[in-house]
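Below you'll find the structure, written out as structure tokens, and then a few comments.
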Amino acid sequence: MIALLRLGFLAGLVLLWWIASVQVPRGLFASPLETMEAAGRMLAEDRLGAALSASLKIYATGTLLAAAAGIALGAAMGLWRPFGRTLDIFVYALAATPRVAFIPLIITLLGLGFEAKTLIIFLGAVMPVILNTYTGVLNTDRDLVEMARATGASQGRIFWHIVLPGTLPFLLTGIRLGATIGLINTVVAELYTAVTGLGGLLALYGSRFQMAEYFVVVLTLSLIGVTVTEGLRLAERRLTRWRAAETV
């Protein structure tokens, strides 16, 4: 049922897109058919494939590093309260600071290449992971922890069997948010550093008013976002099935 509703909504969006392309002066807005034709040309000439490969490489690297570092730091902050209380104000301050503000410094230190782009993506994606993991650990059922300690359970067993399962929904939400912000920062990184990848194509086609090709890149980015988000949502449902079982 939901799938049919989504298809219907998508069809409505395509219809509105076509109506807009008819109303707007030619050359300022591409129709769905023109966009499909442009996509075919870009795929045949490997313009889209090469840009997609370059963007996915830095996106995956930055996001995976952010997930690993964010989980480790967020868990440490939640498990050792003095450590968490010391760092949380700085973490919140950094989370509220636009990552674009760091780009000139990153370029100065790392140049315009892969490392600089990866760091820009990392800085955007890591904050939701840290904050959600930290919140999840703080919301661990303290009664369960005390019961486990009373039975002689080690700190490691308490973490793996009580803290981690309770934190998992928060953690996965943080990763999903981080992955979304990481994709946005991928485009930002490619626009502000060496103009390559999908961000580079956006800048190129936008400056030339090649709207059909421009829409192809926009739709490609949207497809990446939907694929990653839905994949993580599916993983979250599978990994947290025990919560659904508890409510039955």
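Sorting the segments 169-175, 33-39, 124-130 by their mean number of nearby beta carbons within 10 angstrom, highest to lowest, gives 124-130, 169-175, 33-39.
Across the stretch 100-106, coupling constants 3J(HN,Hα) worked out from phi with the 6.51/-1.76/1.60 Karplus curve, θ = phi - 60°, read 4, 5, 8, 4, x, 5, 4 Hz, and Gly and Pro carry x. Averaging the sequence gap over all C-alpha pairs within less than 8 Å and six or more residues apart, then dividing by the number of residues, gives the stretch 1-144 a relative contact order of 29 percent.
Couplings for the stretch 199-215, taken from phi via the Karplus curve 6.51 cos²θ - 1.76 cosθ + 1.60 with θ = phi - 60°, read x, x, 5, 4, 5, 5, 6, x, 5, 9, 6, 8, 5, 5, 5, 4, 5 Hz in order; Gly and Pro are left as x. Normalised by the number of residues in the chain, the average gap of Cα pairs under 8 Å and 6 or more apart makes the relative contact order 26 percent.
Within the listed set L204, L28, L94, the residue fluctuating most in the Gaussian network model of the chain (springs between alpha-carbon atoms under 10 angstrom) is L28. Summing Lys, Arg as +1 and Asp, Glu as -1, what charge do residues with Cβ under 14 Å from the Cβ of L232 carry, L232 excluded? Taking every Cβ under 14 Å from that of L232, the sum is +2.
If you sort M211, M77 by accessible surface, 1.4 Å probe, largest first, the order is M211, M77. Taking every protein chain into account, the accessible area of the chain amounts to 57 square angstrom per residue (probe 1.4 Å).
Annotation: amide H of V195 has no partner in the under-5 Å range at sequence separation 5 or more or interchain, hydrogens built in the peptide plane. Residue by residue, the stretch 169-182 carries 3J(HN,Hα) couplings of x, 5, 4, 5, 5, x, 5, 4, 5, x, 5, 5, 5, x Hz when phi is fed to the Karplus relation 6.51 cos²θ - 1.76 cosθ + 1.60 (θ = phi - 60°); x denotes Gly or Pro.
The values are calculated or read from the model by the stated rules, or taken from the named source; none is laboratory data. Quick caveat: nothing in here was measured; it's all calculated off a predicted structure. When we count neighbours, we look across all protein chains shown, and the Cβ atoms used for this are built from the backbone with ideal geometry, even at glycine. Keep in mind that these areas ignore ligands, DNA and RNA; they rest on the heavy atoms of the full protein, side chains included. Shrake-Rupley method; radii C 1.70, N 1.55, O 1.52, S 1.80 Å.
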